[in-house]
Amino acid sequence: DAKTTQPNSMESNEEEPVHLPCNHSTISGTDYIHWYRQLPSQGPEYVIHGLTSNVNNRMASLAIAEDRKSSTLILHRATLRDAAVYYCILRGNAGGTSYGKLTFGQGTILTVHP
Amino acid sequence: AAGVIQSPRHLIKEKRETATLKCYPIPRHDTVYWYQQGPGQDPQFLISFYEKMQSDKGSIPDRFSAQQFSDYHSELNMSSLELGDSALYFCASSFRTSGGGETQYFGPGTRLLVL
């Protein structure tokens, strides 16, 4: 499976933007880049995903490098509720080893200061 | 909007007992995934079902079994419980696609404590 690498932890102040990086240098052409987050004592929660182009939704933006070997999850204005573990996960098409299940690696623990 | 429902939310068992965890997916979702999260660990995939058939298997012990029923709910059966089975068990559901863009929606989890 293609591997992702994320910083162990990051800190931010409330109402400031947060850029969470993810490296995935062995990504294949059909792998989607997914981001999930897990708030304390809760189940993982879908945040955003993309394939090649940058994506925006109500929660965040996903910036994908042109060579697709890295991506950045952007929280435009961090709130205390955004404090969570953020996971960057690659998922491929049917028939591949990364299809279907989510393989959670070491994510980034985001701390948001008031 | 309807979410994934898991029951029970908390469960305490003795060693060597059995436990059954239930998962009710979001309506019209055809795929269910089970994950285990030990203390201080990341979630680990156990098993998944698509249209009532097992579709993938991860690091699930032989003591565990699971199935998906005709109404798409799923049950994880755990026998001969060990202390190391104490964990959070999450169920996730999705509407299966052939591509990698499928989104999974997680339930609140069942916290199992084995004494």
Taking region A:16-81 and dividing mean pair separation by its residue count, relative contact order in percent (alpha carbons under 8 Å, at least six apart)
39
What lysines sit close enough to A:K3 to cross-link, taking a C-alpha to C-alpha distance under 24 Å and skipping anything fewer than 8 places away on the same chain?
A:K69, A:K101, B:K57
Loop-only trypsin sites (Lys or Arg not before Pro) in region A:50-114, please: DSSP not H, G, I, E or B, and at most 14 other Cβ atoms within 10 Å.
A:R58, A:K69, A:R77
Report the residue, chosen from B:T31, B:T20, B:T97, that carries the largest GNM mean-square fluctuation when chain B is represented by alpha-carbon nodes joined by springs under 10 Å.
B:T97
Name the residue from B:G107, B:S80, B:H10 whose Cα lies farthest towards the positive end of the charge dipole of chain B, charges +1 on Cβ of Lys and Arg and -1 on Cβ of Asp and Glu.
B:H10
Please order A:H24, B:H10 by the number of other Cβ within 10 Å, starting at the fewest.
B:H10, A:H24
Mean separation of Cα pairs under 8 Å and 6+ residues apart, divided by the residue count of chain B: what relative contact order is that in percent?
36
Of A:L73, A:G96, A:N54, whose Cα points farthest to the positive end of the dipole of region A:4-97 (charges on the beta-carbon: +1 Lys, Arg; -1 Asp, Glu; origin at the Cα centre)?
A:G96
If only Cα atoms are counted, what is the Rg of the protein assembly as shown, and what is its Dmax, in Å?
17.7, 53
Let me know the whole percent of all Cα-Cα pairs from chain B that are separated by more than 21 Å.
31
Say a site is exposed when it is one of the GluC sites (Glu not before Pro), sits in a DSSP loop, and has at most 12 other Cβ atoms within 10 Å; what is then the longest site-free stretch of chain B?
B:15-50
Length-normalised contact order of region B:26-94, Cα under 8 Å, at least 6 apart, in percent, tallies to 39
Please get the size of the charge dipole for chain A, origin at its Cα centre, with Cβ charges of +1 on Lys and Arg and -1 on Asp and Glu, quoted in debye to the nearest 20.
320
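Every number in this text was worked out from the coordinates using simple rules, so none of it is lab data. None of the values given here were measured: they were computed from a predicted structure. Heads up, the Cβs are rebuilt from the backbone with ideal geometry, glycines too, and the neighbour counts pull from every protein chain shown.
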